[in-house]
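Notes to accompany the following structure.
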Amino acid sequence: MNMIIKNKTIVADDWTVLRLQEQETPENVIVAAGKVIVPLKVWQAQRAALQDRKEIGVWLASDERPEELKGDIEKFSVIAVDFPKFSDGRGYSIAFNLRARLGYSGELRAIGDVLRDQLFYLQRVGFDAFAPRPDRKIEEVIKGLSDFSEVYQTSFDQKLPLFRRVQRKANEAASSQ
Amino acid sequence: MYHYDEYDQQIVDERVRQYRDQVRRRLSGELTEQEFLPLRLQNGLYMQIHGYMLRIAVPYGLISSQQMRMFAHIARKYDRGYGHFTTRQNIQFNWLKLQDTPDILADLASVQMHGIQTSGNCVRNITSDEFAGVAQDEVVDPRPYAEILRQWSTFHPEFAYLPRKFKIAISGGKEDRAAIYAHDIGLAAIKNAQGEAGFRVVVGGGLGRTPVIGSVIREFVPWQHILTYVESILRIYNQYGRRDNKYKARIKILVKALGIDEFKRQVEADWADLKDGPGTLTGEEINRVASFFTDPAYETLPDHDSKLNEFKADSRSFSNWLSRNVKPHRIPGYAIVVLSLKKPGNAPGDATAEQMDFVADLADRYSCGELRITHKQNLVLADVRQKDLISLWQEASAQELTTPNIGMLTDIISCPGAEFCTLANARSIPLAKLIAERFENLDYLYDIGEITLNISGCVNACGQHHIGNIGITGVEKKDHDEWYQVSIGGAEGNDSSISKIIGPSFTFDQVPEVIERLIHVYLRERFEAESFIDTVRRIGHAPFKEHVYATGFAAQEDEADGKHVVLPAQYEVPYYSPRF
């Protein structure tokens with residue numbers, strides 16, 4: 001069984017991510033039984049059959065829009081966002097919009113080129129689950145969650161900017177003048 | 001200037017710790033170079049021709065004497081005794097070892113500095129008016145907003161992997177001294193009819209391969225909303241900016257493709273959701289940050305020092321310096337002094353460790369312990385008493401920092417060029433030296449008057465050649481020789497324009513003569529007191545082009561066979577360089 005990082009701990013995971021192979025189309029691909037995270041296009045093509053499953057997940061490619069899931073959000077046990085390359089930053093805004101604008105509150109998982117040094121940012125925009133690239137040690141990757149202990153700006157994880165959360169120091173020299 | 005509190009310090013210290021571990025993992029092979037690349041870039045570390053180059057942020061160009069001394073220390077301990085001030089108000093060290101860089105960043109953190117986001121596809125160091133707080137035409141002091149934007153953009157989780165780099169500039173004077181129309185976002189701090197502060201927001205400007213003057217997206221965004229408005233611009237760009245072609249990935253291409261109206265519609269739809277939310281700036285926060293930028297205890301002084309006039313009459317050098325390098329201050333009896341890093345024969349923007357220590361000392365004694373780096377690659381002492389100008393000038397002259405050429409032809413803006421940079425097609429610094437030496441004669445220089453000359457070694461335009469009155473660009477031709485395009489008619493500021501190429505490109509040795517010919521046409525055609533740029537705008541390119549190409553150029557010996565080979569770097573590559 002695969003291991004993933006979920007809610008800041010390493011856990012076993014029994015979901016399968018379905019990726020279309022050559023000659024498979026969203027319409028003709030057979031979605032295996034069990035817990036499967038299907039591509040958005042497969043969901044859209046086979047919605048009638050898939051929506052009756054007890055547990056189903058969907059994943060978005062970095063060039064797909066989270067708004068496409070509007071109205072369906074409650075149907076998924078997990079939504080994943082794929083990072084084709086870790087340097088493709090679109091997934092960060094997809095996650096933010098899923099959480100902050102579409103109100104998704106279930107598991108949001110980063111899949112694909114998921115590496116230690118991006119984990120801190122990923123968790124801030126709303127990801128709570130991470131499937132690291134298989135060649136990496138997950139015990140190392142998880143360390144990335146705790147690179148920083150303080151942040152300046154709002155994002156999904158932190159609704160208030162630092163300046164609204166704490167009393168910050170003004171210039172003492174100026175106030176004594 | 002701004003001082004870190006415990007939160008700022010903690011964030012920067014944790015960054016050093018994170019980076020130290022990344023370097024360890026790179027050296028052990030745990031991280032591939034491809035994976036390490038964006039991590040080191042977001043700490044300002046490049047791999048250049050000779051080795052690693054570190055770009056250190058000087059936020060909005062403001063620096064204390066203590067921080068300047070740290071640069072001198074780094075130059076001595078880790079580098080070759082000098083540094084290079086850049087067009088983005090930063091400093092670069094060219095000869096570093098990877099193994100040393102975590103220690104350098106730790107040294108910097110000890111004086112509240114860092115290299116965070118000075119490179120990479122993220123929000124870069126925010127640049128501003130070098131005369132902020134002291135300019136006579138200031139409407140709103142941009143520095144508190146620049147600092148607030150610095151903090152907001154530092155490690156913004158959503159915008160660390162944008163399609164391409166992202167540059168924000170902010171100005172607060174009637175005259176734009178921050179080239180805001182040449183930035184991804186330009187902010188002009190202004191006041192509305194009710195006297196409330198806010199920003200005219202300009203988006204989609206930029207230089208590089210496709211130079212574009214930015215478009216106004218909103219005439220007035222009240223100061224409370226500036227962070228959320230900028231956030232919405234970034235979010236639209238992050239989602240829709242092109243990622244398939246790095247030359248079409250800047251926000252200017254997206255704004256052009258959508259049109260400013262549609263781009264604005266998308267931004268404001270996103271913003272509707274943020275406006276008045278918790279990201280809105282508070283009066284308490286702006287007051288807190290502004291408390292670091294209050295006036296020093298200015299003395300009441302007469303505005304014209306009689307001793308100054310006497311000395312001026314006696315010394316032509318001093319009088320030249322006074323009229324070229326000293327700018328009016330908003331407080332009577334004070335002056336703004338620009339220390340020139342453009343002595344002909346020197347590399348534009350370079351300063352030695354001795355000069356850095358020296359200017360730090362000058363700042364302590366004459367200007368409240370602070371300095372500014374200008375985007376024209378000079379240094380500024382912003383709060384000098386007029387009665388101190390003579391002694392300051394005498395001391396600074398001994399360190400070759402008083403060349404009276406600010407705003408003149410030899411005040412050349414230049415990128416490091418092909419001797420250092422892996423992107424460049426041609427050398428910049430030796431060309432800048434050659435041109436400066438040709439125009440060294442002060443009478444001639446002053447007769448030519450106000451003019452800007454910018455050199456970039458390639459189309460990426462670090463030397464901002466598109467907004468120089470004369471722009472020079474290193475271009476690649478099929479045979480990989482060194483060629484330069486010359487363009488005229490560019491300008492920055494309120495009347496920004498993009499320069500146009502005059503014709504076929506030139507060899508290294510021909511360029512100074514080309515500049516001479518351009519100047520010849522200007523001197524022939526100008527009306528009285530008309531500047532070079534105004535003459536170009538009035539008479540157009542044709543007379544310049546005609547004269548430049550009318551006659552041939554004297555052949556150089558090494559050009560006999562028609563080849564103009566790029567000279568190999570004149571520097572010895574150190575053994576520890578990955579290029580060794």
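Whether a residue is in a helix (DSSP H, G or I), surrounded by fewer than 22 Cβ atoms within 10 Å (Cβ to Cβ) and not charged (D, E, K, R) was assessed, and B:LEU39 passes this test. On the basis of being surrounded by fewer than 19 Cβ atoms within 10 Å (Cβ to Cβ), part of a helix (DSSP H, G or I) and out of contact with any helix residue (DSSP H, G or I) (no Cβ under 7 Å at 6 or more places or on another chain), does B:GLN355 make the cut? Here the answer is no, as B:GLN355 does not meet what is asked.
Residues are listed down the side, and each one gets a yes or a no for (1) away from chain B (no Cβ under 11 Å); (2) crowded, with 16+ Cβ neighbours inside 10 Å; (3) not charged (D, E, K, R):
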position	(1), (2), (3)
A:PHE83	no, yes, yes
A:GLN118	no, yes, yes
A:PHE130	yes, yes, yes
A:ARG136	no, no, no
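B:SER215 meets all of the listed conditions (1) in contact (Cβ under 8 Å) with a residue 12 or more places away in the chain; (2) farther than 26 Å from B:PRO142 by Cα but one, namely (2).
Kindly evaluate A:GLY126 against the criterion of being crowded, with 22+ Cβ neighbours inside 10 Å and within 7 Å of chain B (Cβ to nearest Cβ). Here the answer is no, as A:GLY126 does not meet what is asked.
Please find, within the range B:168-210, the residue that is farthest from B:ILE501 (Cα to Cα) out of those that are buried (at least 17 other Cβ atoms within 10 Å of the Cβ) and hydroxyl-bearing (Ser, Thr, Tyr). The selected residue is B:SER171. Out of curiosity, is B:ASN454 touching a His at 6+ places or on another chain (Cβ under 7 Å), closer than 20 Å to B:ILE91 by Cα and not in a helix (DSSP H, G or I)? Against the criterion (touching a His at 6+ places or on another chain (Cβ under 7 Å), closer than 20 Å to B:ILE91 by Cα and not in a helix (DSSP H, G or I)), B:ASN454 qualifies. Taking the range B:461-580 as the region of interest, the helices (runs of 4 or more DSSP H) fully inside it that hold 3 or more residues being at pLDDT 95 or above and under 30 Å from B:ILE170 (Cβ atoms) are B:532-539.
Taken over the range A:20-61, the criterion of being of a type in the set (Gly, Ala, Ser) and over 20 Å from A:TYR104 (Cα atoms) is satisfied by A:ALA32, A:ALA33, A:GLY34, A:ALA45, A:ALA48, A:ALA49. Could you tell me whether B:LEU62 is surrounded by 24 or more Cβ atoms within 10 Å (Cβ to Cβ) and under 17 Å from the mean Cα position of the chain (by Cα)? Taking the combined requirement at face value, the residue satisfies it. Filtering the range B:138-176 to residues that are more than 8 Å from every other protein chain (Cβ to nearest Cβ) and among the acidic types (Asp, Glu) leaves B:GLU138, B:ASP141, B:GLU147, B:GLU175, B:ASP176. Taking the stated definitions as given, is A:SER105 more than 7 Å from chain B (Cβ to nearest Cβ) and among the hydroxyl-bearing types (Ser, Thr, Tyr)? Against the criterion (more than 7 Å from chain B (Cβ to nearest Cβ) and among the hydroxyl-bearing types (Ser, Thr, Tyr)), A:SER105 qualifies. Of all residues in the range B:19-50, those satisfying the criterion of being in contact (Cβ under 8 Å) with a residue 60 or more places away in the chain, under 19 Å from A:LEU119 (Cα atoms) and touching a helix residue (DSSP H, G or I) at 6+ places or on another chain (Cβ under 7 Å) are B:TYR19, B:ARG20, B:VAL23, B:ARG26, B:ASN43.
For the range B:21-42, the criterion of being more than 8 Å from chain A (Cβ to nearest Cβ) and under 19 Å from the mean Cα position of the chain (by Cα) is met by at least one residue.
Within the range A:156-169, being surrounded by 14 or more Cβ atoms within 10 Å (Cβ to Cβ) and either in contact (Cβ under 8 Å) with a residue 24 or more places away in the chain or of a type in the set (A, V, I, L, M, F, W, C) (or both) holds for A:PHE156, A:ASP157, A:GLN158, A:LEU162, A:PHE163. So which strands (runs of 3 or more DSSP E) are wholly in the range B:46-110 and hold at least 3 residues that are at positive phi? Correct list: empty, since no element meets the threshold.
The residues of the range B:251-276 that are of a type in the set (A, V, I, L, M, F, W, C), in contact (Cβ under 8 Å) with a residue 24 or more places away in the chain and within 11 Å of B:THR228 (Cβ to Cβ), listed by number, are B:VAL267, B:TRP271, B:LEU274.
Screening the candidates B:ARG438, B:ARG427 for the property of being among the basic types (Lys, Arg), at negative phi, surrounded by fewer than 24 Cβ atoms within 10 Å (Cβ to Cβ) and touching a residue at least 12 places away in the same chain (Cβ under 8 Å) yields one hit, B:ARG438.
Of B:ILE336, B:ILE390, which residue is over 22 Å from the mean Cα position of the chain (by Cα), modelled with pLDDT of 95 or more and not in a loop (DSSP other than H, G, I, E, B)?
Result of the check over B:ILE336, B:ILE390: B:ILE390.
Condition test on B:GLY195, is it away from every other protein chain (no Cβ under 14 Å) and touching a residue at least 24 places away in the same chain (Cβ under 8 Å)? Step through it out loud before you land on a result.
Details: away from every other protein chain (no Cβ under 14 Å): yes; touching a residue at least 24 places away in the same chain (Cβ under 8 Å): no.
Against the criterion (away from every other protein chain (no Cβ under 14 Å) and touching a residue at least 24 places away in the same chain (Cβ under 8 Å)), B:GLY195 does not qualify.
Scan the range B:141-149 and tell me whether some residue there is under 17 Å from the mean Cα position of the chain (by Cα), among the hydroxyl-bearing types (Ser, Thr, Tyr) and closer than 21 Å to B:TYR229 by Cα. No: zero hits. Among the residues here, A:VAL29 qualifies as assigned to a loop (DSSP other than H, G, I, E, B), buried (at least 18 other Cβ atoms within 10 Å of the Cβ) and out of contact with any Phe, Trp or Tyr (no Cβ under 8 Å at 6 or more places or on another chain). Scanning the range A:144-155 for residues that are more than 7 Å from chain B (Cβ to nearest Cβ) and surrounded by 15 or more Cβ atoms within 10 Å (Cβ to Cβ), we see that the one that is farthest from A:PHE86 (Cα to Cα) is A:LEU145. Look at (1) within 8 Å of chain B (Cβ to nearest Cβ); (2) in a loop (DSSP other than H, G, I, E, B) and you find that A:GLN158 fails only one, number (1).
The residues of the range A:3-33 that are at positive phi and modelled with pLDDT under 95 amount to a single one, A:GLN23.
Mind checking whether some residue in the range B:494-503 is surrounded by 15 or more Cβ atoms within 10 Å (Cβ to Cβ), out of contact with any helix residue (DSSP H, G or I) (no Cβ under 8 Å at 6 or more places or on another chain) and among the aliphatic types (A, V, I, L, M)? Scanning the range B:494-503, I find at least one residue that is surrounded by 15 or more Cβ atoms within 10 Å (Cβ to Cβ), out of contact with any helix residue (DSSP H, G or I) (no Cβ under 8 Å at 6 or more places or on another chain) and among the aliphatic types (A, V, I, L, M), so the answer is yes.
Under the condition of being more than 16 Å from the chain's Cα centre (by Cα) and either without any contact (Cβ under 8 Å) to a residue 40 or more places away in the chain or closer than 17 Å to B:PRO348 by Cα (or both), the residues counted in the range B:459-473 number 3.
The values are calculated or read from the model by the stated rules, or taken from the named source; none is laboratory data. Given the structure is predicted, the values throughout are model-derived calculations rather than measurements. Virtual Cβ from ideal backbone geometry, glycine too; neighbours counted across all protein chains shown.
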